[in-house]
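S.K.: Quick one: the structure is below, questions incoming.
The values are calculated or read from the model by the stated rules, or taken from the named source; none is laboratory data. From a predicted model like this one, the values you see are computed outputs, not experimental measurements. Positions of Cβ are generated from backbone atoms using ideal geometry, with glycine treated the same way; all protein chains shown enter the neighbour counts. Just so you know, the surface numbers come from the protein's heavy atoms only, side chains and all, with ligands and any DNA or RNA stripped out. Shrake-Rupley method; radii C 1.70, N 1.55, O 1.52, S 1.80 Å.
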Amino acid sequence: MLDLVIDARPAAISAGFNVRRILPYRLRRMLGPFIFMDHAGPVNAPPTEMHNLDVLPHPHIGLSTVSYLFGGQVTHRDSLGVEQIIRPGEVNWMTAGSGIAHSERFEDPAALAGGALEMVQTWVALPEAAEETAPAFTNYQPQELPIFTEPGVWMRLIAGDAFGLKNDVKTHSPLFYLHVVLQPGARFGLPRGYPERGAYVAKGSVEVGGRRYTAGQLLVFTAGQDPVLVAQEASTLMLLGGEPLGERFIWWNFVSSRRERIEQAKADWKAGRIALPPNDNAEFVPLPEDKSRPAGSPPPQALS
C-alpha cells in the first residue's frame, strides 16, 4: 500500500529561517508534478531578528511556486512588480516559466507572535510545452477555495480536482493539492484517478495499514490502492499528487526538462538578465559557486 515513507530533513532558506524539507528526496524526486516541498515553522523569533528570516530576491525557471500558510503572514514581491501579502487560507501561485525573481519578507512583528508563522511551500514542475511560458502571479482568496466538511473532517481544495471539488486556481497539468484537518478517530481516503498520490503529516499522527505515522513524514502510496488513513489524534495533512511529467533536472531554484536550459538560467542570473523586483532590488541572492563540488553532487540548497 505504501511505496515509500519520506522523513523531512532540516534545511535553511535564509540566514535565520530553518525549514523541514520533504521533496526532492534521493529515492523520490517528484510526486506527480510536485518537485519540491518545504514545511516552515511554527517560527518563534523576536521582532529584532525578523530580518534574518527574509528570503532575498532570487530566480526561478520552469516551475510554479505555491505558498500556503497555517499562520502569520509573508510579503511577496516579484519582477513583475507584484507586491502581495499572503495570509492563512490564501494561495500565492507564481508561475516562473521563462524566468522570474521574487523575495519573501517578514515585515509585521505580529506575524511571529507566539510562534504564529507556519507555512508550506511547494513547487509544481511545468509540462515541457509550458516551461517557457510568460511569468505570472495570482493570489487566490479563501472564498475562491472550496471547503468540504463532515463529522471529524475538514478540508480545503488548494488546487486541482479532488473528491468532486474544483476551483479556478490555474494549473498546467492534472494534479490535486488539499489541506485536511482530522479529529481523533476520523477516517479519510485519497482522491482516485491519479497515478501518484501522497499525504504529508504536518501535525498529529495517522494510522495506515496498522502502522502509525507522525508529523514530518510524507507517505507515498502505491498506484491503484485505496488506503484508509485513521487519525490517532487531532491531525493536519497535506494531500498532493497527480500525473507524472517525466524526468526533470533541478539545480538550486531552477527546474527544466533540459540540462542546457538550467545552464542558461545560471548564466542569465549571474549576468543580471533576470530582472529583480522593482520594489525590492537593493539586494539579492548571488548564484551559488559550486566549482569545488564533484560531478554528480547535489545542487546547493534551494530557496522558497
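S.K.: Considering only SER67, GLN84, PRO10, whose Cα is most displaced toward the positive end of the charge dipole of segment 1-108, charges sitting on Cβ of Lys, Arg (+1) and Asp, Glu (-1)?
M.R.: The residue sitting most towards the positive pole is PRO10.
S.K.: Let me ask something else about it. Beyond a 30 Å Cα-Cα separation, which of these cross-linked pairs lie in this structure: LYS166/LYS266; LYS166/LYS203; LYS170/LYS266?
M.R.: Among LYS166/LYS266; LYS166/LYS203; LYS170/LYS266, the Cα-Cα distance tops 30 Å for LYS166/LYS266.
S.K.: Classify segment 158-279 as rounded, prolate or oblate, taking a ≥ b ≥ c as the square roots of the eigenvalues of its Cα gyration tensor: rounded when a/c is under 1.5, otherwise prolate if a/b is larger than b/c and oblate if not.
M.R.: Prolate shape, in that a/c is at least 1.5 and a/b is the bigger ratio.
S.K.: Which value, in debye to the nearest 20, describes the size of the charge dipole of the chain about its Cα centre when Lys and Arg Cβ atoms bear +1, Asp and Glu Cβ atoms bear -1, and nothing else is charged?
M.R.: 740
S.K.: Taking the Cα atoms of the chain alone, what are Rg (to one decimal) and Dmax (as a whole number) in Å?
M.R.: My reading of the Cα-based Rg and Dmax gives 18.6, 56 Å.
S.K.: Something else now. Once you order the gyration tensor axes a ≥ b ≥ c over the Cα atoms, which shape class does segment 65-174 get: rounded for a/c under 1.5, otherwise prolate or oblate by comparing a/b with b/c?
M.R.: Taking the square roots of the gyration eigenvalues as a ≥ b ≥ c, segment 65-174 is oblate.
S.K.: Additional query: Could you work out how much longer the chain between GLU243 and HIS51 gets when fully extended? Use 0.36 nm per residue separation minus the Cα distance between them, nm to one decimal.
M.R.: That pair, GLU243 and HIS51, stretches by 65.3 nm at full extension.
S.K.: Could I ask something else about it? Find the centroid of the Cα atoms in segment 235-269 and in segment 179-215, then give the distance between the two in whole Å.
M.R.: Cα centroid to Cα centroid, the span is 26 Å.
S.K.: Given a Förster distance of 51 angstrom, what is the FRET efficiency for ARG26 paired with ASP108, based on the Cβ-Cβ distance and rounded to 0.05?
M.R.: For R0 = 51 Å, the calculated efficiency reads 0.85.
S.K.: Turning to a different aspect of this structure: Which value in nm describes the separation of the simple spin-label points at ARG212 and ASP3, placed 7 Å from the Cα toward the beta carbon?
M.R.: Going by the 7 Å Cα→Cβ label model, 2.8 nm.
S.K.: Quickly rank 149-158, 30-39 as a protection proxy: mean count of other C-beta atoms within 10 Å, highest first.
M.R.: 30-39, 149-158
S.K.: Another one. What FRET efficiency do you get for ASP168 and ASN44 if R0 is 35 Å and r is their Cβ-Cβ distance, rounded to the nearest 0.05?
M.R.: According to the calculation, E is roughly 0.50.
S.K.: Of ALA96, PHE106, SER235, which is farthest towards the positive pole of the chain's charge dipole, taken about the Cα centre with +1 and -1 on the beta-carbons of Lys, Arg and Asp, Glu respectively?
M.R.: Comparing the listed Cα positions along the dipole, SER235 ranks first.
S.K.: Considering only protein heavy atoms and a probe of 1.4 Å, how much of the accessible area of the chain is carbon and sulfur, as a whole percent?
M.R.: Of the solvent-accessible surface of the chain, carbon and sulfur hold 50 percent.
S.K.: Taking only protein heavy atoms into account and a 1.4 Å probe, give the accessible area per residue of segment 208-304 in Å².
M.R.: 50
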